[in-house]
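Here's the structure, in structure tokens; my notes come after.
The values are calculated or read from the model by the stated rules, or taken from the named source; none is laboratory data. Source: prediction; values computed, not measured. Cβ placement follows ideal geometry from the backbone for every residue including glycine, while neighbour counts extend to all protein chains displayed. Ligands, DNA and RNA are excluded from the accessible area calculation, which covers all protein heavy atoms including side chains. Shrake-Rupley method; radii C 1.70, N 1.55, O 1.52, S 1.80 Å.
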Amino acid sequence: MSFLVLEHIKKSFGQTQVVKDFNMSIEKGEFVSFLGPSGCGKTTVLRMIAGFENPSDGAISINGKNQNKLKTNQRNIGMVFQAYALFPNMNVFDNVAFGLKIAGMNKADIDKRVKEMLKLISLDHLADRYPYQMSGGQQQRVALARALAPKPQVLLLDEPLSALDAKIRVSLREEIRQIQRQLGITTVFVTHDQEEALSISDRIVVMNAGRADQIGAPSEIYNRPATRFVASFVGTLNMIDATVADPAANTVKVGENTVKLKESIGALKGGDKISIALRPEAGSLSESAKGDTSITGTVVLSHFLGSVIRTKIDVGGNLISFDMFNSPDTVQPQPGETVTLRFNASDFLIVRD
Amino acid sequence: MKASKALAWFAIAIGVIYFFVPLIGTFEFSMRMRRGAYSFDAYQSVFSDAQFQSTFGFSMLMALFTIIFGMLLVVPTAYWVRLRLPQMRPVIEFLTLMPLVIPAIVIVFGYLRLYNSSSWIPFTGSIQGTNMLLVLSYITLSLPYMYRSVDTAMRAIDVRTLTEAAEILGAKWPTIMFRCIFPNVMSGVLSGAFITFAIVMGEFTMAALLNRPAFGPYLQLVGANRAYEPSALAIIAFAITWFSMGLLQLVSRFSKMAPSKA
Ligand SMILES: Nc1ncnc2c1ncn2[C@@H]1O[C@H](COP(=O)(O)OP(=O)(O)OP(=O)(O)O)[C@@H](O)[C@H]1O
Ligand SMILES: [Mg+2]
């Protein structure tokens, strides 16, 4: 049995159903991200785990114990909010000690635990500061320490980094992940930033309109998106219109090119329309590149972006975006030029809607 | 440009004269108790009057109770409305404004009808009861100011998220209320308290009609029977008000120095 289990969770506000049959099992010590566009219900699911909202239907259990009937203050969950939500009237020490005092811990133990937590977030020198005397990044680290101090069963983070600027965002997410590993705490992290989710999660739940479209490891989500939505939300993607050439040989026609796919299209007939997806970073322009299939087209645009050269190639009416890494001897394709891209059959994805 | 500036100064001058000349006149008059020389005799006479001391003390006590019970009513109400009934805020705001619209005399007659000694809830049947009724009516009178100042202070903190943060750390509502909310709206509580203090110290209608020995009726009594003391009292009353307002400024200054970035 998994540690945190959400079964058939539904939630409606008035007439609108915001979460529709959400299922998820999270193992002890796992770091899971909920990723999805604004309004897809990430926060709502998190708030139901925390007990701020009651599910309209379905069951939530932690460590085998059903939580539905428990109030928020009985669940022993830690939460970090987007807006930090430190108590403005308390200094760092008292903020971190808050949960411990409520738990009835004695003074000496509180002192010890708070110091331990402040060391963990490397802010032991700021114990006397008030929230308004600290930067956003520091405040959020204190919020993390406050959430972790009472040794919660589960840690919830709702877009904890989105109020911070880009540099801190990256360093703090790594810090969060490192602390999470160190403590082995089961964690749910909500974000709408795909890079964030891909970089720190054990597993990602891609949410779309109140449902989990796909649940899987970051590489799985990126390389084998289950739906068109996942494919387009995680990373960028070319959607190419193709026609089935030979279903038995798994080949399709893109413009004049015959392209071999890895996934079976045996269920289709020759001449059927099909959408195939292609990552911009897949494929190579180099003559020497190995590949089992190729596409020839005309360069329409080519942008030099530093580490990457981004080219748009017209292939039988499809505009395909193609990224290649820059190196000193890379020749930048010029508009009007005819180029041949070499691919592996596995670069092409067939995604369902 | 120049002309309009001159006009502005002129307007200010008129305002200042209108406001200060009577005040200075009163002050000057209050110093003339001893024939032929300025002195503080009138003040001495006022301060040594046993009735001054007792009524002043009584009103202070009433103000204290008004502030304590008023805040215990207003802070949780404002909190609850912000947290759970945000759509009710305009209604509550309107309700708290009622005491400004309804004359005090109407309110007190209403109270007397409702709570007289032969009614279901005979507040006026005993001295304690009447004092309680007086405090309740003071709370009513100061409601618009208390509610507004507390509500404004609450706007500065994110009441909802702070509540949730406390809840998930295991806190129950008394802890949330008194450790997380009250301390963070202290600036609002204090400014509301100072205004309330100034109102209660000068209030006449309620105290007079409920026949309690408060400072307001005492002012009136002295005003009707003495020559110099009323002026001294007026100046004292002014000083009290200004003192309260000064503290209010101080509080809001301090709360600005420590903005809550919750
Ligand atoms: N208390 C509420 N009452 C009514 N509707 C709500 C309530 N809370 C959320 N919703 C609606 O539910 C939907 C999902 O909201 P939710 O906050 O879970 O989205 P989200 O995925 O967290 O989005 P974001 O990335 O913008 O935070 C939204 O359409 C929102 O308007
Ligand atoms: Mg959200």
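Structure notes:
- Centre separation in Å (Cα based) which lies between region A:1-67 and region B:190-215: 54 Å
- Once the partner protein chains are put back, region A:126-144 shows a loss of at least 30 square angstrom of accessible area, versus the chain by itself, at A:Tyr132 (probe 1.4 Å, ligands and nucleic acids excluded).
- Comparing A:Glu287, A:Glu220, A:Glu159 in a Gaussian network model of chain A, where Cα atoms under 10 Å apart are tied by springs, the biggest mean-square fluctuation is seen for A:Glu287.
- Label-point gap, in nm, between A:Thr338 and B:Gln128 - each point 7 angstrom along Cα→Cβ: 10.6 nm
- Too-long pairs where the Cα-Cα distance tops 31 Å, listed order kept, from A:Lys20/A:Lys119; A:Lys253/A:Lys290; A:Lys10/A:Lys151; A:Lys42/A:Lys151; A:Lys69/A:Lys101: A:Lys20/A:Lys119
- Principal-axis tilt of helix B:159-168 within chain B, Cα atoms, nearest 10 degrees: 50 degrees
- Other-chain or far-sequence residues with amide H under 5 Å of A:Leu301's (modelled H): A:Lys312
- Estimated FRET transfer efficiency (A:Ser219, A:Leu268; beta-carbon r; R0 30 Å; 0.05): 0.60
- Neighbouring Cβ atoms from other chains, within 10 Å of the Cβ of residues in A:102-109, number 1 on average.
- Derived scalar couplings ³J(HN,Hα) [region A:119-125; Karplus, 6.51 cos²θ - 1.76 cosθ + 1.60; whole Hz; x for Gly, Pro]: 5, 4, 9, 6, 10, 4, 7
- For the pair region B:7-42 and region B:70-102, the centres of their Cα atoms are 41 angstrom apart.
- Per-residue mean of foreign Cβ neighbours for A:259-272 is 0 (Cβ atoms of other chains, 10 Å radius).
- With the simple spin-label model, which puts each label point 7 Å out from Cα in the Cβ direction, the B:Leu112 to A:Ser232 separation comes to 7.6 nm.
- Fully extended contour minus Cα-Cα distance, from B:Leu64 to B:Trp173, at 0.36 nm per residue: 36.7 nm
- Rounded, prolate or oblate (a/c below 1.5 giving rounded, otherwise prolate when a/b exceeds b/c) for chain A by Cα gyration tensor: prolate
- Interchain or long-range residues, amide H under 5 Å from A:Ile320's placed H: A:Ile313, A:Asp314, A:Val315
- When each of the peptides B:84-97, A:199-212 is scored by how many other beta carbons lie within 10 Å of its residues on average, the order from highest to lowest is A:199-212, B:84-97.
- When peptides B:68-79, A:115-126 are sorted by average Cβ neighbour count within 10 Å, with the highest value leading, the order is B:68-79, A:115-126.
- Modelled FRET efficiency - R0 22 Å, B:Phe19 with B:Leu247, Cβ distances, 0.05 increments: 0.55
- Within a Gaussian network of chain A (alpha carbon springs, distance under 10 Å), most fluctuating of A:Ser302, A:Ser171, A:Ser327: A:Ser327
- Chain-alone versus full-assembly comparison, region B:154-174, residues with accessible loss of at least 30 Å² (1.4 Å probe): B:Thr161, B:Leu162, B:Glu164, B:Ala165, B:Glu167, B:Ile168, B:Leu169, B:Gly170
- Taking chain B as a Gaussian network of alpha-carbon nodes connected by springs under 10 Å, the highest mean-square fluctuation of the residues B:Ala207, B:Ala171, B:Ala193 belongs to B:Ala171.
- Interface of A with B. Using a 1.4 Å probe and counting protein heavy atoms only, the two chains hide about 2100 Å² of accessible surface, both sides summed.
- Using a simple spin-label model with pseudo-atoms 7 Å out from Cα toward Cβ, A:Phe325 and B:Ile121 lie 8.0 nm apart.
- For chain A, the longest principal axis of the alpha carbon atoms and the long axis of helix A:92-102 meet at an angle near 70°.
- Accessible carbon and sulfur surface of chain A relative to its total accessible area, %, 1.4 Å: 48 percent
- Residues whose amide H lies under 5 Å from that of A:Gln214, counting only those 5 or more places away or on a different chain, are A:Val206; hydrogens are built 1.01 Å from N in the peptide plane.
- Amide N proximity, region A:288-306 versus A:Asp314 label position 7 Å along Cα-to-Cβ, cut-off under 12 Å: A:297-301
- With protein chains left intact and a 1.4 Å probe, residues in the protein assembly as shown average 50 Å² of accessible area per residue.
- Degrees separating the helix B:215-225 axis from the principal Cα axis of chain B, which is the longest one: 10 degrees
- Taking every residue in A:82-93 and counting other chain Cβ atoms within 10 Å of its Cβ, the average works out to 6.
- Only Lys, Arg, Asp and Glu carry charge here, each on its Cβ (+1 for the first two, -1 for the last two); on that basis the protein assembly as shown has a dipole of about 1620 debye about its Cα centre.
- Occluded residues from region A:27-76, i.e. those whose accessible area drops by 20 Å² or more once the chain is not alone (1.4 Å probe): A:Arg47, A:Phe52, A:Thr72, A:Asn73
- Distribution of pairwise C-alpha distances over region B:53-95, 5 Å bins, in %: 6, 20, 18, 16, 11, 10, 8, 6, 3, 1
- Helical runs assigned H by DSSP (4 residues or longer) give the protein assembly as shown a calculated mean residue ellipticity at 222 nm of -15000 deg cm²/dmol, each run adding -39500 (n - 2.57) before division by the residue total.
- Carbon and sulfur %, accessible surface of region B:55-254 computed with the full protein complex present, 1.4 Å: 71 percent
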